[in-house]
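Reviewing the structure listed below.
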Amino acid sequence: MFVSDFRKEFYEVVQNQRVLLFVASDVDALCACKILQALFQCDHVQYTLVPVSGWQELETAFLEHKEQFRYFILINCGANIDLLDILQPDDDAIFFVCDTHRPVNVVNVYNDTQIKLLIKQDDDLEIPAYDDIFRDEEEEDEHSEYKKDDGSEPSEKRTRLEEEIVAETMKRRERREWEARRRDILFDYEQYEYHGTSSAMVMFDLAWVMSKDMNDMLWWAIVGLTDQWVQDRITQMKYVTDVGILQRHVSRHNHRDEDEENSLSVDCMRISFEYDLRLVLYQHWSLHDSLCNTCYTAARFKLWSVHGQKRLQEFLADMGLPLKQVKQKFQSMDISLKENLREIIEESANKFGMKDMRVQTFSVHFGFKHKFLASDVVFATMSLMESPEKDGSGTDNFIQALDSLSRGNLDKLYRGLELAKKQLLATQQTIASCLCTNLVISQGPFLYCSLMEGTPDVALFSKPASLSLLSRHLLKSFVCSTKNRRCKLLPLVMAAPLNVEQGTVTVVGIPPETDSSDRKNFFGRAFEKAAERTNSRTLHNYFDFSVIELKAEDRSKFLDALVSLLS
């Protein structure tokens, strides 16, 4: 059931209890977790934190801890599946679920006792009505007993029996019609996967209602929202609306009188709204590297071709920036050049057909030296979490990523930025090789691309978020490069090697790249059906249904089934 008063029905309930926190491995979940941890610290709430990257880990961790806890909080996992069915908890266990995954499972919505959904109901949820989905099991009417008297039935008994048979037949027909209608309603409701309001924003809202919100919490809410935007999980309209909500909080927390003496201490934190450049990590890199490794500019210039490299040189010449300046670290550029840099780049970008070169975002200053854009922190945290280094386990990476969000651990954040640069370089190089060797092929109803074992940096793309980001950037670049109009409107299915010994690949489905796209993804259901039809050995373990694991030898029959399903 949906919780209407988060403070009364959630926070005050868990405040004096020991709670178990299950947190999914994505940046928004980490930010929501940081806000909740800060609140728990204020009120001395005892909690245990368990990171989970998929359904199997969630089930295992729950079995391990269920005896010790009665209250469980799930962040960015658990809303889109029948939770009680997969966890089989005791009757007194209570789950608070704060999750951006949609659609919300109907059993979770209508369970009043054990499932409490911390989800904003102003999101467009379109939950089916209770009576359309659930129906009390009607007991089968017992047929009236009748006895045969001397081989002949009295006419009364016969008439009553006929009426009962007719009534029974009608009931069965009604039941069949209701079940068919229910199937259609559930199919329409569960057909597309999409995302709702950021969990970090929902948690910040709770802190604000309780008057316990701080600048750090506000920054985490901003990073959570920016993560959704970076990963294309929400529409541009939703992003702009949510930025507007956070902007009001930023004004409230970071308002200072002009005539106040310089009251900022060296380690103070201030957040400001920016209309900044859409270039990744440009303040921690060189402008040239950022232009080459930002999906938006790389795709528009077609940097994988000689002609594209030429256009980039023309763009730099149009801006009038010396190459020596553009290729050195942004921090070391002449201050005179940096003053009007955004306006200069935007003006030249407009001439080259890039109308959306600037975007609404936020930046944070830690003291006088450290400045980060929200997107910088998203890329750094994501890279730390999905770091392919052999010695780091999933939990270690999770803790590193969680720590990097605290302003006391800037060294970890800077390490994350270096990892992010490697990831972005590898992403653009992989896109260039896929497009130059025509690895993106049309299968009819969708485009397909497969990374081969032995491809440089292929290990970087075995994790779901990295592969999804690569797939989205590849699709954008392919749409810019292809002359085939039909192909511009197709979705993309991408596969990358996961485990060579076990012979498994990660497969991800990306919706079509159109301006009007509502970011709804239909691949989750399609993957399920295709695997069922062909008995392919798949593992639907990720919280995003559009990412699955597949046995490499089942790949061709799985793809054939997917083609026939979507045709």
Among (1) acidic (D, E); (2) closer than 21 Å to N521 by Cβ; (3) open to solvent by 20 Å² or more (accessible area, probe 1.4 Å); (4) touching a residue at least 60 places away in the same chain (Cβ under 8 Å), D82 falls short only on (4)
Condition set out of contact with any strand residue (DSSP E or B) (no Cβ under 6 Å at 6 or more places or on another chain) and aromatic (F, W, Y), scope segment 94-132, selection least open to solvent (accessible area, probe 1.4 Å): answer is Y110
Only one of D396, D391 is assigned to a helix (DSSP H, G or I), at pLDDT below 90 and open to solvent by 30 Å² or more (accessible area, probe 1.4 Å), namely D396
Of (1) over 29 Å from R415 (Cα atoms); (2) at pLDDT 85 or above; (3) open to solvent by less than 70 Å² (accessible area, probe 1.4 Å), S263 satisfies every one except (2)
Here the qualifying pairs (Cβ atoms under 9 Å; residues six or more apart or on different chains; first in segment 158-180 and open to solvent by less than 70 Å² (accessible area, probe 1.4 Å); second part of a helix (DSSP H, G or I) and not basic (K, R)) come out as W178/D132
Reported set for segment 449-461 where residues are open to solvent by 20 Å² or more (accessible area, probe 1.4 Å) and touching a residue at least 40 places away in the same chain (Cβ under 8 Å) is M452, E453, A459, L460
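Do you know which of the residues in segment 329-340 that are in contact (Cβ under 8 Å) with a residue 40 or more places away in the chain and in a helix (DSSP H, G or I) is nearest to K302 (Cα to Cα)? Break it down stepwise before answering.
If we filter segment 329-340 for residues that are in contact (Cβ under 8 Å) with a residue 40 or more places away in the chain, which is where we start, we get 329-331, 333.
From the residues that got through so far, the ones that are in a helix (DSSP H, G or I) too are 330-331.
Numbers: F330: 24, Q331: 27 Å.
If we take residues in segment 329-340 being in contact (Cβ under 8 Å) with a residue 40 or more places away in the chain and in a helix (DSSP H, G or I), then F330 is nearest to K302 (Cα to Cα).
Residues D289, D227: which one is at pLDDT 90 or above, under 28 Å from the mean Cα position of the chain (by Cα), acidic (D, E) and open to solvent by 20 Å² or more (accessible area, probe 1.4 Å)? Please lay out each step first, then the result.
On the way: D227 fails: open to solvent by 20 Å² or more (accessible area, probe 1.4 Å).
Criteria check complete, one pass: D289.
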Pairing a residue in segment 360-379 that is at negative phi and open to solvent by 10 Å² or more (accessible area, probe 1.4 Å) with any residue that is of a type in the set (V, I, T) and modelled with pLDDT of 90 or more, where Cβ atoms lie under 6 Å and the two sit 6 or more apart in sequence or on different chains, gives Q360/V243; S375/T226; S375/V230
Practice problem: Please work out if T427 is open to solvent by 70 Å² or more (accessible area, probe 1.4 Å) and touching a residue at least 24 places away in the same chain (Cβ under 8 Å). | Solution: no
Residue hits (segment 89-114; over 17 Å from A129 (Cα atoms) and in contact with a helix residue (DSSP H, G or I) (Cβ under 9 Å, 6 or more places away or on another chain)) are P89, A93, I94, F95, F96, V97, C98, D99, T100, Q114
Practice task
Restrict the check to segment 294-306 and report whether at least one residue is polar (S, T, N, Q), open to solvent by 50 Å² or more (accessible area, probe 1.4 Å) and not in a helix (DSSP H, G or I).
Solution key: no
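Considering segment 347-359 alone, what residues qualify as being closer than 19 Å to V280 by Cβ, open to solvent by 20 Å² or more (accessible area, probe 1.4 Å) and touching a residue at least 24 places away in the same chain (Cβ under 8 Å)? Write out each step before concluding.
Initial filter on segment 347-359 (closer than 19 Å to V280 by Cβ): 348-349, 352, 354-359.
Next, from what is left, pick out any that are open to solvent by 20 Å² or more (accessible area, probe 1.4 Å): 352, 355-356, 358.
Within segment 347-359, F352, D356, R358 qualify.
Within segment 462-482, is even one residue more than 25 Å from the chain's Cα centre (by Cα) and either more than 17 Å from E386 (Cα to Cα) or free of Cβ contacts under 8 Å to residues at least 60 places away in the same chain (or both)? Spell out the reasoning first.
To start, the set of residues in segment 462-482 that are more than 25 Å from the chain's Cα centre (by Cα) comprises 481-482.
Among the residues that remain, those that are also either more than 17 Å from E386 (Cα to Cα) or free of Cβ contacts under 8 Å to residues at least 60 places away in the same chain (or both) are: 481-482.
Checked segment 462-482: at least one residue is more than 25 Å from the chain's Cα centre (by Cα) and either more than 17 Å from E386 (Cα to Cα) or free of Cβ contacts under 8 Å to residues at least 60 places away in the same chain (or both).
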Those residues of segment 307-343 that are small (G, A, S) and loosely packed, with under 11 Cβ neighbours inside 10 Å come to a total of 3
If we keep only residues of segment 181-213 that are open to solvent by 50 Å² or more (accessible area, probe 1.4 Å) and in a loop (DSSP other than H, G, I, E, B), then the residue farthest from L39 (Cα to Cα) is Q191
- Message: When you scan segment 60-69, do you find a residue that is under 13 Å from S199 (Cβ atoms) and not aromatic (F, W, Y), even just one?
- Response: no
Of (1) open to solvent by 50 Å² or more (accessible area, probe 1.4 Å); (2) within 15 Å of V209 (Cβ to Cβ), E59 fails just (2)
With criteria (1) closer than 16 Å to M1 by Cα; (2) modelled with pLDDT under 90, C98 comes up short on (2)
Residue pairs within 6 Å by beta carbon, gap of at least six or interchain, first lying in segment 6-24 and open to solvent by 40 Å² or more (accessible area, probe 1.4 Å), second charged (D, E, K, R), listed first then second, are Q15/D43
Only one of (1) loosely packed, with under 15 Cβ neighbours inside 10 Å; (2) within 22 Å of Q228 (Cβ to Cβ); (3) among the charged types (D, E, K, R) does not apply to D91, and that is (2)
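Take M385 and tell me if it is within 24 Å of V243 (Cα to Cα) and in contact (Cβ under 8 Å) with a residue 40 or more places away in the chain. Reasoning before the result, please.
On the way: within 24 Å of V243 (Cα to Cα): no; in contact (Cβ under 8 Å) with a residue 40 or more places away in the chain: yes.
When the stated conditions are applied, M385 does not pass them.
The values are calculated or read from the model by the stated rules, or taken from the named source; none is laboratory data. Here the structure is a predicted model, which is why all the values come from computation and not from measurement. Glycine also receives a Cβ, built like all others from the backbone with ideal geometry; neighbour counts cover every protein chain displayed. With ligands, DNA and RNA removed, areas are computed over all heavy atoms of the protein, side chains included. Shrake-Rupley method; radii C 1.70, N 1.55, O 1.52, S 1.80 Å.
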